[in-house]
Amino acid sequence: MRMLLTLALSLCSAVAGWAQRADASFDPTKDVGVRYEKGAVVVGVPPGAHLKASFMAVAKKGGPGTLKVGPLPPTPDQDELGDGIWHGQVKIPLQGLGLSGTVTLAVTYQPCTEGEGGVCYPPTTRTLAVKASEIPAAILAKGAPVLPIEKTEPGMKAEVAPVVAAPSAPSTPAPAPERSGLLLSLLLVFLAGMGASLTPCVFPMIPITMAIIGAKGGGKAKGFALSGTLVLGMAVTYTTLGVLAARSGAAFGAFAQKPGFLIPVSLLFAAFAVSLLGAFEIALPSGLAAKLQGDGTRKGFGGAFLMGLALGPLSAPCVGPVIGAVLVAIAQQGDVWLGGLQLFVFALGMGVLFLVVGTFSAALPRSGDWLTRFKQGMGLVVLGFAAWNVRLVVPEWTNFALWSAVLLTGAAVFGAFESAAGLVAQLRRGAAVLLLVLAVLLGIRATEAALSITLLGTSNSRIVEGDSANKGWLEQDLEAALAKAKAEHKVVLVDIYADWCAQCKELDEKTWPDPSVKAWIATNAVAIRIDTDAKRKDLATKLQIRSYPTVLLLDAEGRELRRILGFQKPGTMQAWLEGK
């Protein structure tokens, strides 16, 4: 019995030791399979790891011809940062045009291991050589098919492909599977188009436009044909935008998740929102608008089509924010066919009122207070999108502050500061007061998180501590940390992180706020956070950083005492800090 107990304890120790050495047993090159198979690049990771979608890319390195990559398959899961991830294998379809000889592919991916001790590795690029005859010919009309994700069987190790693919017979493109949720997405885009037709940039122009092209008063058949031609012109404009966005593919999809893109786009949408809320007007120069509209009537189908083409830029001040959000989503999907279809459907939704007025010579309701409130409501939605768009790249207190501003704006839009006469007006004001209360609460949360104070009692202490886990830590300046440690006779605790590292976020939220961990650091160490991926690349080699997060203990001279890799629970981290 004693022998069995000893054996069980030994096995537990071995399992714990394996977990602590998870990083050492995983190689981001050897343990990630990259191969070419049946018209697609296949990237695979073993169980207990995943691939991040934001860094997945395939590109052709030189040589004649054009390579069409993607679209990337949908991601069924997300990490702590909200980024899409794949488990098992992911297939990235390829199509070529004018390729010859051997095509050299550059395959970029980012693997992460999971659980306690899980780490994220920097994006890795591998080369893969494929015979041009094995790459299916591009289907220009419909784009590349979407291939599903395949999972590896438990215990199966990902296969590493040789540098040169083995010869095989040319394969034909796999048929595209049904797109789940396609009808729902198209319905939402169609409704967005209908909503865009009610904006002040479009709604007042409908009867004027119908009169210009001669659709009113010429009979229902002629009116329907002319207004349909005008809508077709609108569809050409917007479909072209959708195709251009989708052509950017995965490269734009990855770039669109970086702060350098998200923050400027959010500021632009915020400017649109403030304009829709009535602070100022965004309009095309009067001379350009006059040229686009024309000074006289545009009779005939050619004139109706040209007028439809011109309505795109004319309606940009109000439709731009909605179109911008759709275009970002299309670019991240990278599907040319779907991108064009979505913007085509958007144009059809926007053209419903044009068709009704052109066919039946219907009189639209006059612009008034209802149109102003609709415009302000759209502005509120666009402002909310701007705040949501940067949720992963700003501090927690900034998130609270942004949403507080959005709700405060909503309270003003719904009339919290206006007198209310009648049941409908009073209900609207009640909703506005509720938004005002929520805005105040979020404002208080933002203050607590920013200043690490408690204003609403102990219920929020976990939120404040989670956001301020690194408050008082030095940032990036290792030299200053070493000097301070030498003066105070302490060691240096170095938290190595990267903005794209989900496990680093877990460490900030679950481990560093722990009271026992914080107490040990305050007593024994000078703590510093260093981003060796973007801000202090010079230290990556010096400190031998190969995965994130990595936590180091250094003496005051900069000599490494010990290190621990990946996310660790508070108890594990506490034991490691104490050298147990």
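Every read-out reported here was derived from the displayed coordinates using simple, explicitly stated rules and does not represent laboratory data. Here the structure is a predicted model, which means the values were calculated and not measured. Positions of Cβ are generated from backbone atoms using ideal geometry, with glycine treated the same way; all protein chains shown enter the neighbour counts.
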Can you check what the net charge comes to around GLU475, using other residues whose Cβ is under 9 Å from the Cβ of GLU475 (Lys, Arg +1; Asp, Glu -1)? 0
Packing-based ranking, highest mean first, of 344-355, 548-559 given that Cβ atoms within 10 Å are counted: 344-355, 548-559
What does the charge count near ARG529 come to, summing +1 for each Lys or Arg and -1 for each Asp or Glu among other residues with Cβ under 13 Å from its Cβ? -3
Which value in nm describes the separation of the simple spin-label points at LYS484 and LEU561, placed 7 Å from the Cα toward the beta carbon? 1.7 nm
Over the range 54-120, what lengths in whole Å, largest first, do the semi-axes of the equivalent ellipsoid take, defined as the square roots of 5 times the eigenvalues of the alpha-carbon gyration tensor? 30, 13, 9
With the cut-off at 31 Å, tell me which of the pairs LYS52/LYS580; LYS510/LYS542; LYS510/LYS580 have Cα atoms farther apart than that. LYS52/LYS580
Virtual spin-label span in nm between ILE444 and LEU182, 7 Å along Cα→Cβ: 5.1 nm
Report the gain in length on full extension from THR125 to VAL437: 0.36 nm times residue separation, minus Cα-Cα distance, nm rounded to one decimal. 107.3 nm
Near ILE85, within a Cβ-to-Cβ distance under 11 Å, what is the net charge of the other residues, with Lys and Arg +1 and Asp and Glu -1? -4
On a full-extension model of 0.36 nm per residue, what is the gain between ALA575 and ALA279, subtracting their alpha-carbon distance, rounded to one decimal in nm? 100.9 nm
Could you sort out which of LYS91/LYS535; LYS30/LYS535; LYS38/LYS131; LYS91/LYS131 sit more than 22 Å apart by Cα distance in this structure? LYS91/LYS535; LYS30/LYS535
